[in-house]
1. Can we say A330 is farther than 19 Å from P210 by Cβ, in contact with a Phe, Trp or Tyr (Cβ under 8 Å, 6 or more places away or on another chain) and either at pLDDT below 90 or open to solvent by 50 Å² or more (accessible area, probe 1.4 Å) (or both)?
2. Just to be sure, is E310 among the acidic types (D, E) and modelled with pLDDT of 90 or more?
3. Within segment 207-216, which residues are within 25 Å of T325 (Cα to Cα) and open to solvent by less than 10 Å² (accessible area, probe 1.4 Å)?
4. Can you tell me which residues in segment 495-551 are touching a Lys or Arg at 6+ places or on another chain (Cβ under 8 Å), touching a residue at least 60 places away in the same chain (Cβ under 8 Å), closer than 30 Å to L134 by Cα and assigned by the TED database to the domain that holds D478?
5. Would you please name the residue that is nearest to the chain's Cα centre (by Cα), looking only at residues in segment 334-358 that are under 18 Å from L221 (Cα atoms), assigned to a loop (DSSP other than H, G, I, E, B) and at pLDDT below 85?
6. With the structure loaded, tell me whether T183 is free of Cβ contacts under 8 Å to residues at least 24 places away in the same chain and either assigned to a strand (DSSP E or B) or in contact with a helix residue (DSSP H, G or I) (Cβ under 8 Å, 6 or more places away or on another chain) (or both) or whether it fails that test.
7. Return the total of residues in segment 101-132 being outside any helix (DSSP H, G or I) and either touching a helix residue (DSSP H, G or I) at 6+ places or on another chain (Cβ under 8 Å) or open to solvent by 60 Å² or more (accessible area, probe 1.4 Å) (or both).
Amino acid sequence: MASLTVIYDLFTAVFSMILDVAQFWKQRLWSWWNTQSPLDRLRYALENATTYEEWEEAAFDLDELLSKDLWRQNPTSRHYDYRLILGRLEALMRAREEEDILTLVNLLRSGLLRNLGNITSPKLFTQAYAGTKLLIDDYITQVALSIQQVTALPTAPVHISGFGSQAKLELLHDTRQAFGRTTLLLQGGSIFGLCHLGVVKALHLRGLLPRIIIGTATGALIAALVGVHTEDELLTFLDSDGIDLSAFDRRRKPTDSGEGSPWLPFDIGDNWAGTLLRRIKRYIQKGYFLDAEVLEECVRANLGDLTFEEAYARSKRILNITVATSNTNATPNLLNYLTAPNVLIWSAAVASNASNTSLYRPVTIYCKDETGSIVPWPHSQDATFASWRHVQYSEGESPLSRVAELFNVNHFIVSQARPYLIPFLRSDGGGSGGSSSSINNNNNILIRRPASSQPNPAVRYFTRLVMGEIRHRFRQLDYLGLLPTALARIVLEESIPGPSITLVPDLTLRDFTKIFENPSKESLAHWSRKGERGVWPAVSALKVRCVIEIELDKGYQVVRRRRPADMLGGSGSLVYSGGGVAGSNGGSVGSVFGGGGGGGVSGTGGGNNNINPRRAVVPNEGLPRRRRSGNSNNSVDPGHENSLTTSLMAGELDCQEDSTY
């Protein structure tokens, strides 16, 4: 009996041990099966980051895991002239260390180009997630430091090198003009156009938001909202519930006047089906599909009755809104504070969204007369506004060409919110592990979010071949005049008169189900985040293209307005810190070059040097530009006898800083 008990206990112990071992290996196998590899984990973190700082950290880690950081540290590449960049970098550093101002000035005046040595080549931004060659980052850093050093150089009394105030002003003025300016183009997109809010926010936080903004269709509404806010107000406006959508809320509620549907025994609600049914009913009853009255009410509630001139005087941002008419010679197709100073911004934004009368009821552009009364704009009374899809411009007559002429624009940041156009954008085959990009003869680049897994090279090549052939055939039909204008404007990208970089929102197929929804507070946050994520992969390329321009603009504004020395520590300033340049403007600071290796430059965008307390948006706030008399009692140094310099220092041309160079 005792022996049976011993055998039973032994059997039980062995069986328990076998169960424990089986359970252990089961857990190990299950853990191995469900554990992501480091590569997949970092890609997941990259695609689900909620802030740029999280995205950047994941990008640096991913580059280190894939050894792309070694590619960044190696300056050699066949895609740019690294010998030229290295030589100029060493010359700038040597001139700054020796405080050789004349040599430094000569280096800034000669060869300061946006694409010097082909440093903006898209091939340089498709290899690594976190950025381009560190040599290029260091070069941009040193140029920004050099501009800051020249701006801060005391010239009263005259510097020992003979470099005076007039020479400094001329240097910054001429270099700024030769370098050119950047504009942000917000293109259409219907409900997807709300992604432009995220694009503006991301650029503003990184210090890369241009002061010149162009808006088309839905982009015109967003551009108008941005154009009337000062640098101090913009971030608060973008972060809070600053957009009034009460007009859409009121239209959602059935009213006693019969706005509710008599066809259905229940409320159709505000989903896509309900919105579609309301629009069909409107078309049957009133003859047009979309209700421009709601749009007018919403835009006017957010903008007030500000004119282009008043908005520019208030924010110093150059707002441009494009409109299309059936007769392209009857009405200006580009409205801004120079071409239409007294036009009300809200009416121009609504007109930019108008198309033919079967979609919208007819709209009218309004202006302020000499007494301040709101009247119809005389130049638009005989004009019929058409959709941008039904208008074609000859060479040099497009609104973008006009902007380039008026404001010395030679670089465009395009926020493309028309998802149906993306497959027809030119795509290159470059990049291994980086963001996909698009190139054409103007050195355009389309930045999109990195995919979690790269497609098979054969599949990628076949896709490019098919889309390239389709695009080529469409262009042939358009050249022969056989492609309808509306279809041509949909499948063929708009011609950009200069180098550009195209930003595409981070859209998914699920987002297309929301195309018929009216905007709400929740949807604004959703679309804004989509727009932000579309900017993050392009930040490195934008820094290389725009940082020098931003520093030149800041330096020029400081010298031209004779700001006191304490400006160098406040708004629109540069602060040295550990081999980097930090700039703040309106309280938002963005890293220009940070993270892995090399010096760092921090900067902010805008270039608005007004130091004003934060103010709420008030309708009709802002005064029109006024030329100040050259006979004012403003004191001018005796050495400044040059008429241009005297006018600038006295403030006579303060209002014309953006239109005349």
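1. Details: farther than 19 Å from P210 by Cβ: yes; in contact with a Phe, Trp or Tyr (Cβ under 8 Å, 6 or more places away or on another chain): no; either at pLDDT below 90 or open to solvent by 50 Å² or more (accessible area, probe 1.4 Å) (or both): yes.
No: the conditions fail for A330.
2. Details: among the acidic types (D, E): yes; modelled with pLDDT of 90 or more: yes.
So E310 fits the description; yes.
3. Filtering segment 207-216 for residues within 25 Å of T325 (Cα to Cα) gives 212-216.
Result: I212, I213, I214, G215.
4. Once the filter is applied, which keeps residues that are touching a Lys or Arg at 6+ places or on another chain (Cβ under 8 Å), touching a residue at least 60 places away in the same chain (Cβ under 8 Å), closer than 30 Å to L134 by Cα and assigned by the TED database to the domain that holds D478, segment 495-551 yields P499, I501, V504, P505.
5. Of everything passing the filter in segment 334-358, A354 is nearest to the chain's Cα centre (by Cα).
6. Working: free of Cβ contacts under 8 Å to residues at least 24 places away in the same chain: no; either assigned to a strand (DSSP E or B) or in contact with a helix residue (DSSP H, G or I) (Cβ under 8 Å, 6 or more places away or on another chain) (or both): yes.
No; evaluated as a whole, the condition is false for this residue.
7. Within segment 101-132, residues that are outside any helix (DSSP H, G or I) and either touching a helix residue (DSSP H, G or I) at 6+ places or on another chain (Cβ under 8 Å) or open to solvent by 60 Å² or more (accessible area, probe 1.4 Å) (or both) number 13.
The values are calculated or read from the model by the stated rules, or taken from the named source; none is laboratory data. As the structure is a computational prediction, the values presented were derived from the model and not from experiment. Counting neighbours? That spans all protein chains shown, and the Cβs are built from the backbone with ideal geometry, glycine included. Note: areas computed on protein heavy atoms with side chains; ligands, DNA, RNA excluded. Shrake-Rupley method; radii C 1.70, N 1.55, O 1.52, S 1.80 Å.
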